[in-house]
Amino acid sequence: MLAVGVSSRRKEGPEKLCGVAKYIDDYHLPGCLFGVTLRSSIPHGTIKNIRFDPKFPWDDCVIARAADIPGQNYVDLIEHDQPLLAEERILHAMEPILLIGHPVRATAYQALEHIEVDYQESEPVLSMEDSIALRQVLYRSDNVFKRILIEKGDTGAGMAKSDFIVEGEYRVPSQEQAYIENNGVAAWEEDDGTLVIMGSMQCPYYVHKAMKPLFPRREEKIRIIQTTTGGGFGGKEEYPNMIGGHAALLAIKSGRPVKMIYDRHEDMLATTKRHPARIRHRTGVRRDGTLFAQEIEIVMDGGAYVTLSPVVLSRGAIHASGPYQCPNVRILAKSMATNNPPSGAFRGFGAPQTLFAAELHMEKIAATLGIDSLALRRRNLFRQGSVTATGQVLRESVGASEVLERAVQRAKYVERRKECKQWNRRKDRTSWRGVGLSVVFHGAGFTGAGEVHLASRAGLSLTREGEIRVEAASTEIGQGTSSMLAQIVAETLGVPYQWIQIDTPDTARVPNSGPTVASRTCMVVGSLLQRAALRLKTAVAELQGTFPHTRAGLRTAARKLANGKPAVSFIEEYRQPDEIQWDEEKYKGDAYGVYSYAAMVVELEINKLTYEVRIRRLTTAQDIGKAINPVLVEGQIMGGTAQALGYALLENVIFQNGVMQNAQFTNYIIPTTLDTPPMSVELVEKPYSRGPFGAKGVGELPFDVPAPAVAAAVFHATGLFIPELPLLPERISRAKRDQTAR
């Protein structure tokens with residue numbers, strides 16, 4: 001019975017399509033209060049006094065401050081530096097100071113207008129450069145959250161032996177996740193003292209871990225439940241720790257259920273965004289195009305608190321040299337503290353920033369050498385047996401060359417480049433046309449020993465009624481997790497896909513299978529479920545000789561196996577393969593078990609009057625090991641591509657004094673259907689022996705590849721090498737004016 005490789009109907013599709021799926025704000029909670037947050041209006045300083053308007057009916061409100069936190073006042077993540085509520089020190093604008101709950105949501109918001117905060121302001125540090133220069137020391141002696149050094153070979157000797165040295169500086173901006181559903185949670189205490197938090201989130205066990213220091217109680221007395229979630233893209237990885245803690249604090253103080261649902265404006269102002277970055281390349285290259293030495297410096301703006309900056313920086317650094325062989329590499333990466341709002345997780349997790357620089361720098365090298373960038377890439381691409389910057393030998397499933405060749409052939413890259421050149425020769429044309437190319441790689445799963453530290457657990461239960469249930473904390477946030485995991489189990493057991501049920505990610509019911517991040521769900525959690533399904537299959541077969549293929553037969557087997565219990569479970573825990581070796585201190589070894597690969601060709605047109613960019617067509621080939629559900633995989637690729645086109649061309653976060661000035665969709669422009677070009681997607685399957693049925697990761701890979709291809713196409717169309725995103729019309733116009741003036 002075939003389940004894997006089939007585009008089965010989504011498990012959650014009918015409920016969403018028919019409008020009966022319940023998001024957090026759809027739940028009616030009797031006696032509920034609505035919570036709102038008073039936030040700082042300055043980026044740096046101290047709170048001197050908080051004044052409440054005596055004319056406002058405060059007796060109808062519940063007010064919670066830092067002093068009301070029963071445990072320790074920090075949001076537990078990598079470090080314990082970020083308070084749940086500011087007590088005195090303010091390190092960024094929009095930092096939460098106190099909470100208000102009221103039975104009427106509108107009145108809760110009105111209450112905020114009747115509170116005044118007196119501050120003693122300090123000079124803020126609002127740029128990476130000022131942070132590096134120690135213009136103001138924040139709460140770290142050098143303002144550095146994390147340093148990473150990756151070294152391979154001898155770059156000094158490599159540069160000396162190179163025929164050319166090519167340098168470049170690249171800048172990438174902040175970016176808003178722009179999920180459909182805003183952040184929202186509800187919280188209450190049960191009669192037995194259990195704290196329940198329910199809401200829109202990616203990682204229930206992250207929230208569970210974060211609540212323990214804030215609200216001390218036995219582990220089983222904290223319960224986190226994911227509701228239907230309207231997108232995350234990393235924005236609901238760690239931020240629900242914050243809003244969940246706020247709702248819980250109000251619920252505990254009031255003794256009533258509390259809902260906190262952000263509106264779009266507050267969500268964009270207060271929550272984490274992609275890390276802005278500056279990347280510098282200095283590359284030694286031989287006359288024939290062979291890369292011989294790479295020196296790369298990365299600086300990221302981490303904002304006011306650490307959040308996930310160390311691991312974002314880590315992935316960015318590991319991917320910074322691109323999918324290319326080079327014997328001598330030195331990568332120095334730093335994440336800096338500033339008084340901007342904290343940066344956090346976003347699809348790609350640091351790799352889109354550094355891969356944009358790596359790929360656009362290949363265009364600069366090709367131009368310097370006077371060769372086509374396609375030939376340059378072909379000469380240097382990873383192949384089986386290649387060694388990465390961390391010293392990892394690529395043993396299997398290396399699809400870099402294959403995705404490149406398939407993309408350029410499918411797009412007719414060479415022919416299109418010639419056609420565009422002829423088009424641009426005509427002076428009477430009202431537009432320029434260009435074709436750009438990029439190739440990327442992306443590690444699947446947590447970096448280094450990360451998966452070992454997670455010790456993820458997932459499995460199956462077989463109930464007495466013959467139901468097969470997936471028990472995992474991996475969340476469905478629109479990407480198709482529920483369907484994909486069910487297909488893996490169904491294929492392993494040889495039963496219909498419809499037989500497999502998915503348990504709600506609820507920390508009281510499912511084991512901790514790790515966060516739904518890092519392109520790990522299919523490869524890591526899917527493998528655990530495949531192993532659990534094999535154990536279940538063996539147990540049933542040992543009991544009655546074969547695994548049943550009828551519902552009645554499965555019920556009979558389930559009753560025998562359960563032996564009077566409601567269900568029998570088969571839980572598996574992650575075990576790192578012996579061949580994966582990683583030295584965290586030296587940053588050497590197998591950074592990831594395997595990499596996925598993608599190539600893209602972008603053909604675009606630039607209006608000579610308005611400088612607007614229109615993508616005419618886009619072709620991509622992506623190696624994801626095995627497509628468990630091809631339609632879902634193509635949807636991931638198309639969605640990630642559209643989102644990345646926004647990063648490349650449209651999305652321009654504007655900060656002033658540490659506050660986002662365009663925190664609404666009227667002036668923070670994201671791509672719509674009208675901005676989405678025709679896409680030709682080809683799936684390349686280079687199976688990975690450790691993935692379920694050969695599958696690797698796909699969630700983040702599509703985001704890495706569009707921006708450098710767009711910038712390369714702009715370069716081809718206009719001769720303008722613009723090393724900064726987004727490629728807004730005004731940025732292209734200024735570059736053209738400067739080009740003309742030279």
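Please treat every number below as a calculation from the coordinates, not as lab data. Treat the numbers as computed from the prediction; the structure is a model and nothing was measured. Reconstructed Cβ throughout: ideal geometry from the backbone, glycine too, with neighbour counts over all protein chains shown.
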So between ARG89 and GLU415, what do we pick up on full extension, going 0.36 nm a residue minus the alpha carbon distance?
-> 111.3 nm
The stretch 74-131, relative contact order in percent, only Cα pairs under 8 angstrom and at least six apart counted = 16
Over 19 Å between Cα atoms, which of LYS11/LYS221; LYS364/LYS427; LYS608/LYS736 qualify?
-> LYS11/LYS221; LYS364/LYS427
Pop a pseudo-label 7 angstrom from the Cα along the beta-carbon direction at both GLN656 and THR676 and give the gap in nm to one decimal.
-> 3.4
For the stretch 83-142, which GluC sites (Glu not before Pro) are both in a DSSP coil and crowded by at most 12 other Cβ atoms within 10 Å?
-> GLU88, GLU113
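Hey, got a sec? Which GluC sites (Glu not before Pro) in the stretch 597-684 land in a DSSP loop and have at most 16 other Cβ atoms within 10 Å?
GLU612
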If you find the alpha carbon centre of the stretch 452-530 and of the stretch 155-196, how far apart are they in angstrom?
-> 26
Value of relative contact order over the stretch 389-528, rounded to a whole percent, pairs C-alpha under 8 Å and six or more apart | 23
Simple label model, 7 Å out from Cα along Cβ direction - LEU609 to GLU297, nm = 4.5
Where in the chain are the DSSP H helices whose C-alpha atoms run 20 Å or more along the long axis and whose mean Kyte hydropathy is at least 0.5?
-> 239-254, 630-649
Sort PHE215, PHE52, PHE145 so that the residue with the fewest other Cβ atoms within 10 Å of its own Cβ comes first and the one with the most comes last.
-> PHE52, PHE215, PHE145
Taking R0 as 35 Å and r as the Cβ-Cβ distance between PHE56 and ALA133, the FRET efficiency 1/(1 + (r/R0)^6), rounded to the nearest 0.05, comes to 0.20
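For Cα pairs less than 8 Å apart in space and 6+ apart in sequence, what is the mean separation divided by the residue count of the stretch 201-242, i.e. the relative contact order in percent?
For the stretch 201-242, the relative contact order is 63 percent.
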Give a residue-ordered list of calculated ³J(HN,Hα) values for the stretch 683-698 (Karplus: 6.51 cos²θ - 1.76 cosθ + 1.60, θ = phi - 60°; whole Hz; x for Gly, Pro).
-> 8, 10, 10, 10, x, 9, 5, 9, x, x, 6, x, 6, 10, x, 9
Each residue of the stretch 161-170 in turn: what ³J(HN,Hα) in whole Hz from Karplus with 6.51, -1.76, 1.60 and θ = phi - 60°, glycine and Pro shown as x?
-> 8, 7, 7, 9, 10, 10, 10, x, 10, 10
Which ordering of LEU138, LEU604 is given by a fewest-first count of other beta-carbon atoms within 10 Å?
-> LEU138, LEU604
Highest mean first, what order results for 245-258, 155-168, 262-275 on Cβ atoms within 10 Å?
-> 245-258, 262-275, 155-168
Counting other Cβ atoms within 10 Å, keep those with at most 13, restrict to DSSP loop, and tell me which trypsin sites (Lys or Arg not before Pro) in the stretch 414-506 are left.
-> ARG426, LYS427, ARG429
Putting +1 on Lys and Arg Cβ atoms and -1 on Asp and Glu Cβ atoms, find which of GLN294, PHE349, GLN643 reaches farthest to the positive end of the dipole of the chain.
-> GLN294
Tell me, what HN-Hα J-couplings in whole Hz come from the Karplus equation 6.51 cos²θ - 1.76 cosθ + 1.60 at θ = phi - 60° for each residue of the stretch 335-350, using x for Gly and Pro?
-> 10, 9, 7, 9, 9, 7, x, x, 7, x, 6, 7, 2, x, 6, x
Among THR227, THR463, rank each residue by its count of other Cβ atoms within 10 Å, from fewest to most, as a rough exposure measure.
-> THR463, THR227
Tell me which residues come under 5 Å, amide H to amide H, from ALA21 once H is placed; ignore anything under 5 positions away on its chain.
-> LYS16
Sites GLN501 and PHE721 - FRET efficiency at Förster radius 45 Å, r taken between beta-carbons, to 0.05 = 0.25
Enumerate the amide H contacts of ALA695 below 5 Å, restricted to partners 5 or more residues apart or on another chain; note that Pro and chain-start residues carry no placed amide H.
-> LYS626, TYR688
What helix-only [θ] at 222 nm does the chain give? Using -39500 (n - 2.57) per DSSP H run of at least 4, over all residues, to the nearest 500, the answer is -9000 deg cm²/dmol
How many nm is it between the label spots at THR556 and THR194, if each spot is 7 Å from the Cα in line with the beta carbon?
-> 3.7
Which shape class, rounded, prolate or oblate, goes with the stretch 331-378 when its Cα gyration tensor gives a ≥ b ≥ c as root eigenvalues, a/c under 1.5 marks rounded, and past that a/b bigger than b/c marks prolate?
-> prolate
Can you give the extra length, in nm with one decimal, that the chain gains between LYS16 and ASP263 once fully stretched, where that is 0.36 nm per residue apart less the Cα-Cα distance?
-> 86.8 nm
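Gain in length, ALA567 to PHE665, computed as 0.36 nm per residue apart minus the alpha-carbon separation, to one decimal in nm?
Working it through step by step, the gained length comes to 30.4 nm.
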Tell me which label goes with the value of Cα Rg over 2.2 N^0.38 Å computed from the coordinates here: (i) 1.30; (ii) 1.11; (iii) 0.97.
-> (iii)
